[in-house]
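Everything below concerns the one structure shown next.
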Amino acid sequence: MEQISFEINNVELTYLDKVVLKMDRLAVHQWDRIGIVGRNGAGKSSLIKLLAGLVQPSSGKVHRHVEYGYFEQIDAPTAEEADPALLGRLAVPQHADQLSGGEQTKLKLAQMFTHYYEALLMDEPTTHLDQGGISFSLDELWYYYGALILISHDRAVLDELVTTIWEVHDGKVHVYSGNYSAYLAQKQLEREQQSQAHEQFIKEKSRLEKAAQEKMKRAEKIAQAGSMSKRESKAKPNSMVETKSKGTSQKAVHRAAKAIEQRMEKLQEVEAVHAEKQMVFRQSKALALHNKFPIMADRLTLQVEDNVLLNEVSFQLPLGKKIAITGANGSGKSTLLQHIANSGAGVTLSPKAKIGYFRQMSYQFTSDETVLEFVKNRSEYEEGFLRGVLHSMQFVGSDIRKSVRSLSGGEAIRLQLCQLFLGEYNILLLDEPTNFLDIHAIEALERFIAAYEGTIIFVSHDKKFVTHVADLQFNIMDKKMVSTVISS
């Protein structure tokens, strides 16, 4: 029998009187490979911190039976030594003064994989990693001998590594068997079943309402028949008997109608399935571009200090297409986007180009606007559409009335993305837009990109995201750019 690595019993975690998580029992066994998914703020990181002992439950017990390693994305690497062979495979210096975000993540992974733990708790271990770093992590974790609990927004990583999904929703943890694609299939089946059950509920409710109305009409007819004139009453010697009989019938019909109403009250209500509204980001005629290639480069050489990133590269980026720029960490992807945004030497932009630019940085807002006011003041779309776009990016309920100054880092990034798609632009440059989004927000961003009429150039290491949205891919390798058409 497999040993239990972690056990959660009757655990409740509250924060400011709000229940964040409530679980009766969850167990992690020796060879389990579990992916934790859920919306931003659902409690995914709180759950993994409960397992790691970094957060204490408000009530209940968490039992840890093994030695475990814990990886948290926001922590900087420690002074702990790492296996030089692992560092060599990742091309990371251990004692460099300045490391990029991707190099820091690689160093932390090398430090973790240098030691053997019976369980690994990993919170977004592939953020900032290039494809080489992601492949390294997959190799190490694929052959890892122990329990793995993983939070990731990378759907390809979840598909590759996990065999169970824990979905955190409304403070509860729902367990699904299989990888992320299998979980999606099960969720789709649940939606179909809910949709059928909702239709059945509406049909049965309508049938009972109609039956109750018919009973009430019949009762009214009996009442009308009972209130006859005096002459009619004298003409019928047995009228008293008939009136009594009619009164009894009327009561019986009323009782039947009441019984139907009670059955309606006991009907189990099934909510309709929430369907994402189709959206199109339409551009005004004033923003229309007519150049077949609104961005072109002729023998462009790009370097930072003495480091040549691109050497005499020429390219033409076609109008209205979604173009992915890929390549290893440090190959020059972000530098290229910035060079395009600045209309740098060697780059030719359409004279009518209006560029919206999403950078890899934390966004801070200084205005006193609410979330809804912020997008309304920078867009010509009507309010209903703006609310739908914000809802897609998880600004729900009172979120749209929040001050933009009070937004968390993740919320600020999601609002910035909404503003770019809603703004008066015809070209968008997006530098790693999925890095700090959960899977639901990434899927919303995919819908945004599909609905956008302008040209989009984006940098991403997320394989599924690139496959889902890109028409064309330019891979930077050996200071050159190699283009590939992506078949849908």
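The values are calculated or read from the model by the stated rules, or taken from the named source; none is laboratory data. The model shown is predicted, which means the values in this text are computed figures rather than measured ones. In this analysis, Cβ positions are derived from the backbone assuming ideal geometry, glycine residues included, and neighbour counts consider all displayed protein chains.
Answer yes or no as to whether LEU289 is at pLDDT below 85 and touching a Ser or Thr at 6+ places or on another chain (Cβ under 7 Å). It would help to see each step written out before you state the result.
Working: at pLDDT below 85: yes; touching a Ser or Thr at 6+ places or on another chain (Cβ under 7 Å): yes.
Taking the combined requirement at face value, the residue satisfies it.
Has the stretch 34-52 got any residue that is under 25 Å from LEU161 (Cα atoms) and over 24 Å from the mean Cα position of the chain (by Cα)?
yes
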(request) Run down ASP298, ASP306 and say which single residue is surrounded by fewer than 20 Cβ atoms within 10 Å (Cβ to Cβ), at pLDDT 90 or above and assigned by TED's automatic domain parsing to the domain that holds VAL469. (result) ASP298
(request) Being modelled with pLDDT under 90, closer than 30 Å to GLY327 by Cβ and surrounded by 12 or more Cβ atoms within 10 Å (Cβ to Cβ) narrows it down to one of GLN364, GLN360, so name that one. (result) GLN360
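Say whether the condition of being β-branched (Val, Ile, Thr) and either surrounded by 15 or more Cβ atoms within 10 Å (Cβ to Cβ) or modelled with pLDDT of 90 or more (or both) is met by at least one residue in the stretch 67-89.
Just the residues of the stretch 67-89 that are β-branched (Val, Ile, Thr), to begin with: 74, 78.
Those left that are additionally either surrounded by 15 or more Cβ atoms within 10 Å (Cβ to Cβ) or modelled with pLDDT of 90 or more (or both): none.
No, that holds for no residue.
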(request) Could you list, in sequence order, all residues of the stretch 421-454 that are of a type in the set (Phe, Trp, Tyr), closer than 19 Å to ASP471 by Cβ and out of contact with any strand residue (DSSP E or B) (no Cβ under 7 Å at 6 or more places or on another chain)? (result) PHE448
(message) Testing ASN10 on (1) more than 19 Å from HIS174 (Cα to Cα); (2) surrounded by fewer than 16 Cβ atoms within 10 Å (Cβ to Cβ); (3) not small (Gly, Ala, Ser), one condition comes back false. Which one is that?
(response) (1)
(message) Would you confirm whether or not the stretch 75-83 contains a residue that is of a type in the set (A, V, I, L, M), touching a residue at least 24 places away in the same chain (Cβ under 8 Å), outside any strand (DSSP E or B) and not assigned by TED's automatic domain parsing to the domain that holds LEU437?
(response) yes
(request) Please give the number of the condition ARG414 fails out of (1) farther than 30 Å from MET296 by Cβ; (2) touching a Lys or Arg at 6+ places or on another chain (Cβ under 7 Å); (3) not aliphatic (A, V, I, L, M). (result) (2)
(request) From GLN98, GLN111, GLN56, grab the single residue that is farther than 28 Å from SER181 by Cβ and in a helix (DSSP H, G or I). (result) GLN111
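Out of LEU445, LEU390, LEU386, LEU407, I need the residue that is free of Cβ contacts under 8 Å to residues at least 60 places away in the same chain, in contact with a Pro (Cβ under 7 Å, 6 or more places away or on another chain) and not charged (D, E, K, R). Which one?
LEU445
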(request) Evaluate the following for ALA324: is it at pLDDT below 90 and within 28 Å of the chain's Cα centre (by Cα)? (result) no
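Given the structure, is LEU420 in contact (Cβ under 8 Å) with a residue 12 or more places away in the chain, out of contact with any helix residue (DSSP H, G or I) (no Cβ under 8 Å at 6 or more places or on another chain) and surrounded by 14 or more Cβ atoms within 10 Å (Cβ to Cβ)?
On the way: in contact (Cβ under 8 Å) with a residue 12 or more places away in the chain: yes; out of contact with any helix residue (DSSP H, G or I) (no Cβ under 8 Å at 6 or more places or on another chain): yes; surrounded by 14 or more Cβ atoms within 10 Å (Cβ to Cβ): yes.
In short, yes.
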(request) Spot the failing condition for GLY69; the list is (1) assigned to a strand (DSSP E or B); (2) within 23 Å of GLY132 (Cβ to Cβ); (3) within 26 Å of the chain's Cα centre (by Cα), and only one is missed. (result) (3)
